[in-house]
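Novice: One structure, as structure tokens, below. Some questions next.
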Amino acid sequence: MISLLPALHETSGPTASREAVRFGEHVLTYAQLAGASTSLAGRIAGAGRVAVWATSTPETVVAVVAALLAGVPAVPLNPKTGERELAHIVADSAPSVVLAGAADVLPPSLGGLERLDVDTAAAATDPPPPEPSPGSPALIVYTSGTTGPPKGAILPRRAIAASLDALEDAWRWTADDVLVHALPLFHVHGLILGVLGPLRRGGSVRHLGRFTTEGVARELASGGTMLFGVPTMYHRLAGALGDPAGSGSLTKALAGARLLVSGSAALPVHDHERIAAATGRRVIERYGMTETLMNTGVRADGEPRPGTVGPPLSGVDLRLVEEDGTVLDDTVSIGEIQVRGPNLFTGYLNRPEATAGAFTEDGWFRTGDMATIDADGYVRIVGRKATDLIKSGGYKIGAGEIENALLDHPGVREAAVTGEPDDDLGERIVAWVVPADPESPPGERELADHVADLLAPHKRPRAVRYLDVLPRNELGKIMKRSLGA
Ligand code: MCA
Ligand code: AMP
């Protein structure tokens, strides 16, 4: 059976001594990563599922690779997740053990789980177990919907291999590439593309720990060949390029990279143009989703047309469909993107109805994204079907989960959440609140902290607007489109 991470099985030769991952000063070669993860794989073999406390560290890489080697599905956890969301994810995914760094302090909601500390210096005593089958689950990644708590998307090994190989084809991604990024390691972008991508190619990744424009400049100037980021990061890079103090090294670093890739949300044309004007380099976009991994992408030798996410990747079938099910075949009509291919998830954990609802009767996955397709096959995303999904900083956030959290605050009688355009974040979360006591409404900061503590800091409202009543239609449904009008 073909291996998901073949470079890890080369115990000698040039690959074994090559740098696999670098987090600041902490480097693991392929031999070291293979040793530490094979050793850990032996300790978790046979577990039903493992949770990974997914800090931006080599420990997370070793933990995830160990789970992949052992054939045990891994559930990456955002270490900033608040108590309610964490309790939901742990109850839903029922891991038998949590993998963490020795120095990590875990919250009480993980107290009932066995904990294993990851040792990045461990050496393997036994060979890795046989490769699991391609259809077996590799990762369970939690993703928000319009209502209710996040759902766990089950990603089989086949989907990861297919999507990464399609990107290899599109971007001529090789073992010589050194990927630079600062994306979190509990989502598809940072973990699957940003870590498993380089590892599948036998190349390397340098993680910045946290995003700074200086860090990007430093790593690209010292050997980095590719940069992955969300539009907020490119917006900040574009801003830094316009800053006369110190923009020279950043300009040179970006100009020297082989590929600058943006994804997870739309890259505004303005930021695209600012970067092109300053560096002579064009950022290319690719379009994906937790449930589908990558669907389209501008090729390395393709035309980076701002406002488009490129043609479908190899192996991906993509079509646009109207509300009544009519499949579109022109270049002007807007329809929902539906996809099929080996890159897809197999379902939502414990949610058969949600899984069934996500697919058409003939097996196409409904993305909920609205688009047109240019004559040469380039896809242009123009919006989303659901107004209750917000993309902020590249994170997908459901309005419903925030509304429920706000309603749990004693000072809130009614709440509605919307996304508003934001230069930096793409969209910012706005909470519309009817206070229980209009004389002393809860403060903005208090409500933001309340949501951050229950769910996650990136789900906190960035603005709170107080109302006497929420606008509702005759059926009592909140008319979100009239909020802010
Ligand atoms: C502020 N902070 C708080 C609070 N207020 N913490 C707790 N309670 C509060 N009330 C803290 C934050 O935790 C953070 O801490 C710091 O203040 C700054 O917060 P913030 O302004 O929210 O963050 P930022 O620095 O502006 O983040 C921007 C970012 C980030 C770096 C672009 O949004 C990001 O990493 N986005 C990537 C999302 C992503 O990977 N999406 C991919 C999904 P501290 O600084 O210590 O953290 S996968 C996907 O979409 C598909 C598959 C695809 O196509 O890729
Ligand atoms: P997530 O559920 O976090 O995986 O987010 C997936 C969603 O991000 C997609 O359904 C799109 O709405 C959005 N997305 C990802 N990449 C792009 C892109 N390049 N341009 C526009 N939207 C994107």
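Novice: Under the condition of being part of a loop (DSSP other than H, G, I, E, B) and either of a type in the set (Lys, Arg) or open to solvent by less than 10 Å² (accessible area, probe 1.4 Å) (or both), which residue from the stretch 184-203 is nearest to ligand 2 (Cβ to nearest atom)?
Specialist: If we take residues in the stretch 184-203 being part of a loop (DSSP other than H, G, I, E, B) and either of a type in the set (Lys, Arg) or open to solvent by less than 10 Å² (accessible area, probe 1.4 Å) (or both), then Leu185 is nearest to ligand 2 (Cβ to nearest atom).
Novice: Right, here's the next one. Among the candidates Glu59, Glu85, Glu131, which residue alone is in contact (Cβ under 8 Å) with a residue 24 or more places away in the chain, acidic (Asp, Glu) and farther than 30 Å from Thr11 by Cβ?
Specialist: Glu85
Novice: Then there's this: Considering each residue of the stretch 258-291, count those that are assigned to a helix (DSSP H, G or I) and not small (Gly, Ala, Ser), and give that number.
Specialist: Of the residues in the stretch 258-291, 8 are assigned to a helix (DSSP H, G or I) and not small (Gly, Ala, Ser).
Novice: Yes or no: Gly310 part of a loop (DSSP other than H, G, I, E, B) and open to solvent by less than 10 Å² (accessible area, probe 1.4 Å)?
Specialist: yes
Novice: Quick check on my filter: what residues within the stretch 141-183 are in a helix (DSSP H, G or I) and within 14 Å of ligand 1 (Cβ to nearest atom)?
Specialist: The answer is Ala159, Ile160, Ser163, Leu164, Ala166, Leu167.
Novice: Right, next: Can you pull out every residue in the stretch 139-166 that is of a type in the set (Val, Ile, Thr), within 14 Å of ligand 2 (Cβ to nearest atom) and modelled with pLDDT under 95?
Specialist: Thr146, the sole residue that qualifies.
Novice: When you scan the stretch 379-391, do you find a residue that is open to solvent by 60 Å² or more (accessible area, probe 1.4 Å), out of contact with any Asp or Glu (no Cβ under 7 Å at 6 or more places or on another chain) and polar (S, T, N, Q), even just one?
Specialist: yes
Novice: All but one of (1) closer than 30 Å to Leu406 by Cβ; (2) β-branched (Val, Ile, Thr); (3) more than 13 Å from the chain's Cα centre (by Cα) hold for Val188; which doesn't?
Specialist: Among (1) closer than 30 Å to Leu406 by Cβ; (2) β-branched (Val, Ile, Thr); (3) more than 13 Å from the chain's Cα centre (by Cα), the lone unmet condition for Val188 is (3).
Novice: Additional query: If you check Val72, Val65, which single one turns out to be under 22 Å from the mean Cα position of the chain (by Cα) and touching a residue at least 40 places away in the same chain (Cβ under 8 Å)?
Specialist: Criteria check complete, one pass: Val65.
Novice: Here is a list of conditions, (1) of a type outside the set (D, E, K, R); (2) away from ligand 2 (no atom under 14 Å from the Cβ); (3) under 19 Å from the mean Cα position of the chain (by Cα); (4) open to solvent by 30 Å² or more (accessible area, probe 1.4 Å), and Gly347 meets all of them except one; can you say which number that is?
Specialist: Status for Gly347: all satisfied but (4).
Novice: Consider Ala358 carefully, then state whether it is under 25 Å from Ile140 (Cα atoms), under 23 Å from the mean Cα position of the chain (by Cα) and among the aliphatic types (A, V, I, L, M).
Specialist: yes
So that you can scan it fast, the table gives a plain yes or no per residue for (1) under 21 Å from the mean Cα position of the chain (by Cα); (2) open to solvent by 30 Å² or more (accessible area, probe 1.4 Å):
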| residue | (1), (2) |
| --- | --- |
| Ala255 | no, yes |
| Leu260 | yes, no |
| Ala265 | yes, yes |
| Val269 | no, yes |
| Ile275 | no, no |
| Ala278 | no, yes |
| Glu291 | yes, no |
| Thr296 | yes, no |
| Arg299 | yes, yes |
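Novice: Related question: Tell me, yes or no, whether the stretch 353-372 has at least one residue that is in contact with an Asp or Glu (Cβ under 7 Å, 6 or more places away or on another chain) and open to solvent by 30 Å² or more (accessible area, probe 1.4 Å).
Specialist: Within the stretch 353-372, one or more residues are in contact with an Asp or Glu (Cβ under 7 Å, 6 or more places away or on another chain) and open to solvent by 30 Å² or more (accessible area, probe 1.4 Å).
Novice: Could you list, in sequence order, the residues of the stretch 367-381 that are without any contact (Cβ under 8 Å) to a residue 40 or more places away in the chain and more than 15 Å from ligand 1 (Cβ to nearest atom)?
Specialist: Met370
Residue by residue, here is whether (1) away from ligand 1 (no atom under 13 Å from the Cβ); (2) of a type outside the set (Phe, Trp, Tyr); (3) without any contact (Cβ under 8 Å) to a residue 40 or more places away in the chain; (4) within 25 Å of Arg380 (Cα to Cα) holds:
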residue	(1), (2), (3), (4)
Arg200	yes, yes, no, no
Ser204	yes, yes, no, no
Thr212	no, yes, yes, no
Arg218	yes, yes, yes, no
Phe228	no, no, no, yes
Thr232	no, yes, no, yes
Leu250	yes, yes, yes, no
Gly263	no, yes, no, yes
Glu273	yes, yes, yes, yes
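Novice: So which residues in the stretch 57-87 are of a type outside the set (A, V, I, L, M, F, W, C) and either closer than 23 Å to Ala7 by Cα or outside any helix (DSSP H, G or I) (or both)?
Specialist: Thr57, Pro58, Glu59, Thr60, Gly71, Pro73, Pro76, Asn78, Pro79, Lys80, Thr81, Gly82
Novice: Same structure again: Filter the stretch 400-446 for residues that are within 14 Å of ligand 2 (Cβ to nearest atom) and within 22 Å of Pro149 (Cα to Cα); which is least open to solvent (accessible area, probe 1.4 Å)?
Specialist: Result: Glu401.
Novice: How many residues are crowded, with 20+ Cβ neighbours inside 10 Å and at pLDDT 95 or above if we restrict to the stretch 8-21?
Specialist: Qualifying residue count for the region: 2.
Novice: Also: Out of (1) within 30 Å of Glu403 (Cα to Cα); (2) open to solvent by 10 Å² or more (accessible area, probe 1.4 Å), what's the single condition that is false for Asp126?
Specialist: (1)
Novice: On the basis of being in a strand (DSSP E or B) and either at pLDDT below 95 or more than 16 Å from ligand 2 (Cβ to nearest atom) (or both), does Arg206 make the cut?
Specialist: Criteria met by Arg206.
The values are calculated or read from the model by the stated rules, or taken from the named source; none is laboratory data. Everything numeric in this text was worked out from a predicted model, so none of it was measured. Cβ sites come from the backbone with ideal geometry, for glycine too, and all protein chains shown count toward neighbours. Side chains included, ligands, DNA and RNA excluded: accessible areas come from the protein's heavy atoms. Shrake-Rupley method; radii C 1.70, N 1.55, O 1.52, S 1.80 Å.
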